[in-house]
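Inspection log for the structure reproduced underneath, given as structure tokens.
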Amino acid sequence: MKKFEDVLTDIEKMSGLLLKSIKSGADITIESVNWEEERIALKNSADKVKSRPFAEIEKLWNALCEKPAIHVDSELGGSGSSRNQPETILANLPYVEFFKLNRKKHLTFVDDPSHHFGSLKEVDAIEREKIKQALEANSQKETTKEIAQIVVVSGDVVSHSETLEHASGMNGKCLDQGIYEYETATRRFLLVSSSILGEIIPTGTYMIIKGAPPSQEGGVIQILDSEYIFHNTNGLCLLYDCQ
């Protein structure tokens, strides 16, 4: 597999090229790759200049390296926000092909380059069936994997939400006032403002543990409809979900 830095170099090679989108009418042109600001500037079909963060592309690339194929909207946590743009950038690389499964566009990595920079190639029928079977097998494994939950109690939600969005490559989902959700394939983060929790729990990052704490010492906090017991054991701070 290529390193992400090499992928960015390849993306930079496509600067100035009209990149065809899998979705009709959503072609883009890469204007520049800004290594300092870690963003890719591009022009959409309406000649408006937009930019996408490196972190978003890296998240998709890592998923391509780990999975038989990816659906971009799912990997980035939902549809919208011109998600076809990072999809188009990757699909126009010579070692990424596309196909549709259940009417959804998917991308897959291929070991040997199969088309030119700035062009699209659809997976052939035989390979598509192999990928479909691999996705089904992978899906069965994923259903047995429990999603780890992490709560970040923050005194500066604005700053920390920007950090999480940059690191994850996706926007947070507002669940309630002062509570935001960030979800990846294996982890669910809740960013919670300390102002709504009071002084029971200090700011910090907490893993949620299913089950009862070793003792009943510690405060009880409520986040949305769930109650957790805050417990500090020799500096190890955890939240216990006893429900």
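Figures for the structure shown
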| read-out | value |
| --- | --- |
| Cα-Cα P(r), the chain, percent of pairs per 5 Å interval | 1, 6, 12, 15, 15, 13, 11, 9, 8, 6, 3, 1, 0 |
| Rounded to the nearest 20 debye, dipole of segment 162-235 from Cβ charges on Lys, Arg, Asp, Glu | 240 debye |
| Difference of contour (0.36 nm per residue) and Cα-Cα distance, Gln222 to Ala167 | 17.1 nm |
| Under-5 Å amide H pairs with Ser51, H placed in peptide plane, nonlocal only | Leu42 |
| Extension reserve of the Cys237-Glu38 stretch, reckoned as 0.36 nm per residue once the Cα distance is removed | 68.2 nm |
| Debye log10 I(q)/I(0) for segment 152-193, one point scatterer per Cα, at q = 0.14, 0.21, 0.30 Å⁻¹ | -0.25, -0.57, -1.14 |
| Residue order for Arg188, Arg39, Arg83 - accessible surface, 1.4 angstrom probe, largest first | Arg39, Arg188, Arg83 |
| Candidate residues Ile200, Ile221: accessible-area rank, largest first, probe 1.4 Å | Ile200, Ile221 |
| Coarse-grained scattering of segment 2-41 at q = 0.14, 0.34 Å⁻¹, given as base-10 log I(q)/I(0) from a Debye sum over alpha-carbon atoms | -0.34, -1.08 |
| From phi via Karplus (6.51, -1.76, 1.60), per-residue ³J(HN,Hα) for segment 112-117 in Hz, x at Gly/Pro | 10, x, 10, 7, 7, 4 |
| Inter-label distance for Ser114 and Phe4, nm, one decimal - labels placed 7 Å from Cα along Cα-to-Cβ | 2.5 nm |
| Under 15 Å from the Cα of Lys50 - aspartates and glutamates, other chains or at least 8 residues apart | Asp27, Glu31, Glu37, Glu38, Glu87 |
| Radius, Kirkwood style, for segment 1-74 when every pair of distinct Cα atoms is counted (Å) | 13.2 Å |
| Residue-wise HN-Hα coupling along segment 165-182, computed from phi with Karplus coefficients 6.51, -1.76, 1.60 (Hz; x: Gly, Pro) | 5, 5, 6, 8, x, 9, 7, x, 9, 6, 8, 6, 4, x, 10, 10, 10, 10 |
| Charge tally in the Cβ shell below 15 Å around Ser226, where Lys, Arg are +1 and Asp, Glu are -1, Ser226 excluded | -3 |
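The values are calculated or read from the model by the stated rules, or taken from the named source; none is laboratory data. Remember, it's a predicted structure, so these values are computed and weren't measured experimentally. Don't worry about glycine lacking a Cβ; one is built from the backbone with ideal geometry, like all the others, and counts go over all protein chains shown. Heads up: the accessible areas ignore ligands, DNA and RNA and are worked out on the full protein's heavy atoms, side chains in. Shrake-Rupley method; radii C 1.70, N 1.55, O 1.52, S 1.80 Å.
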